[in-house]
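Before I ask anything, let me first share the structure, which is written out below as C-alpha cells.
No value in this document is a laboratory result; all are computed from the given coordinates. Note that the structure is a prediction, hence the values are computed from the model and not measured. When we count neighbours, we look across all protein chains shown, and the Cβ atoms used for this are built from the backbone with ideal geometry, even at glycine.
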Amino acid sequence: MNRSILTGLAIVALGQAQPPAAAPPSAKPFPLQGILPKAETGALDYLKEHPTYDGRGITVAIFDTGVDPGAPGLQETSDGRPKIVDVVDGSGSGDVDTSAEREAKDGTLTGLTGRTLKLSGDWQNPGGKWRVGIKAAYELFPGSLVSRLKRERKKEWDKQQRERMAGLQAKLADFDEANSTPKGDKKKERGELQARIDLLEALQKDYDDPGPVYDCVVFNDGKAWRAVVDTDEDGDLTILPLTADF
C-alpha cells in the first residue's frame with residue numbers, strides 16, 4: 001500500500017462508495033446529509049456504474065489548515081483501511097521544547113509549571129529519563145475561541161474577586177468597630193487586612209489571563225517516543241491518553 005497523508009482522493013470528494021444494491025446515506029437530498037451535491041453532479045450514478053472507482057489504491061497529500069483528522073468522513077476507506085495514514089504539523093504552532101529532563105521519584109516528577117505530575121506504573125521507560133515541556137493553550141486555539149474563553153474566564157475571575165473583596169471588607173469593618181484606636185499588634189493586624197484589600201485591587205487592575213497552561217511529558221519506551229499532555233491541569237497523568245506519532 002502506498003503511504004501518504006490521505007488515502008482515497010475520490011473518497012474525500014465523493015464520499016465512501018457502497019455496493020450498487022445499497023443506497024448510501026449521502027444520497028439523501030443536499031444539503032441534509034452531504035456537504036457536496038453528489039446526486040446533482042452525477043457522482044452517485046458514476047459510482048453505481050463503477051463501484052470500485054472510489055479512490056482505492058491512490059494516496060493523496062493535502063496541504064491545508066482546515067483538515068480535521070477526527071471528522072467521521074475521514075476515518076475509514078470503503079475497503080476498511082484507515083483513511084488518514086499520517087499527519088504532519090508544518091505550522092510550528094504545536095511545537096514544545098522538551099529539552100529539560102527529570103527523574104521520577106515515587107512515581108511522580110515536577111513539571112515546568114511547578115505541578116507534581118503523577119506517572120502511570122504501566123508505562124515502560126527503560127532509560128528512566130523523562131523530558132518535560134510546557135505549552136500555553138492559547139497558542140494552539142483559534143483566535144475566536146481564545147476571545148470567548150477569555151470572556152468566560154474573566155467572568156469567573158470577577159466573581160471570585162468580588163467574593164474575596166467582600167469578605168475582607170467585612171472583616172475590616174468588624175475590626176474597626178471593635179478597635180476604634182488600634183495600637184501595637186492590633187494596629188499591625190489592621191494593616192495586614194488593608195494590605196490584602198489593596199493587593200486584590202491591584203490584581204484586578206493588572207488582570208492578565210495567560211489561559212490554560214499544560215505540562216507535557218515525553219519519554220522513550222524502548223521502541224518509540226511517547227507523549228502525554230496534562231490537558232486538565234490536575235497533575236494526574238495516569239488517566240490521560242498516552243500518544244505517539246500519528
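Under 16 Å from a label point 7 Å along Cα→Cβ of SER91: give me every residue in the stretch 124-145 with its amide N that close.
In the stretch 124-145, the label zone of SER91 (backbone N under 16 Å from the point 7 Å along Cα→Cβ) covers 136-145.
Starting from the 7 Å offset along Cα-to-Cβ, what nm value, one decimal, do you get for the label separation of VAL60 and MET165?
5.6 nm
Between 0 and 90 degrees, rounded to the nearest ten: what's the tilt of helix 143-178 against the longest Cα principal axis of the chain?
20 degrees
Oh, and also: Once R0 is set to 22 Å, what does the formula 1/(1 + (r/R0)^6) return for the Cβ-Cβ distance between ALA136 and LEU240, expressed as a FRET efficiency to the nearest 0.05?
Using R0 = 22 Å, I get an efficiency of 0.75.
Given the pairs LYS150/LYS171; LYS159/LYS205; LYS135/LYS159; LYS83/LYS135; LYS135/LYS223; LYS154/LYS205, which are separated by over 24 angstrom at their Cα positions?
Pairs exceeding 24 Å: LYS150/LYS171; LYS135/LYS159; LYS83/LYS135; LYS135/LYS223.
Now for a different question. Output the peptides 42-52, 163-173 sorted from most to least packed, where packing is the average of other Cβ atoms within 10 Å over each peptide's residues.
42-52, 163-173
Here's something else I'd like to know. Please give the contour-minus-distance gain from HIS50 to LYS223: 0.36 nm per residue of separation, less the Cα-Cα distance, rounded to one decimal in nm.
Extra length available between HIS50 and LYS223 comes to 58.0 nm.
Moving to a separate point now. Given an 8 Å cut-off on Cα distances and at least 6 residues of separation, report the relative contact order of the chain as a percent.
Normalised by residue count, the contact order of the chain is 19 percent.
Would you mind computing, in nm to one decimal, how far apart the modelled labels at TYR207 and GLN75 are, each placed 7 Å from Cα along Cα→Cβ?
My value for the distance between the label points is 4.1 nm.
Let me ask you something else. Given all pairs of different Cα atoms, what value in angstroms does the Kirkwood hydrodynamic radius of the chain take?
One decimal place: 23.8 Å for the Kirkwood radius.
Rounded to the nearest 500 deg cm²/dmol, what is the calculated helix-only ellipticity per residue at 222 nm for the chain, with -39500 (n - 2.57) per DSSP H run of length n ≥ 4?
The helix-only estimate for the chain comes to -10000 deg cm²/dmol at 222 nm.
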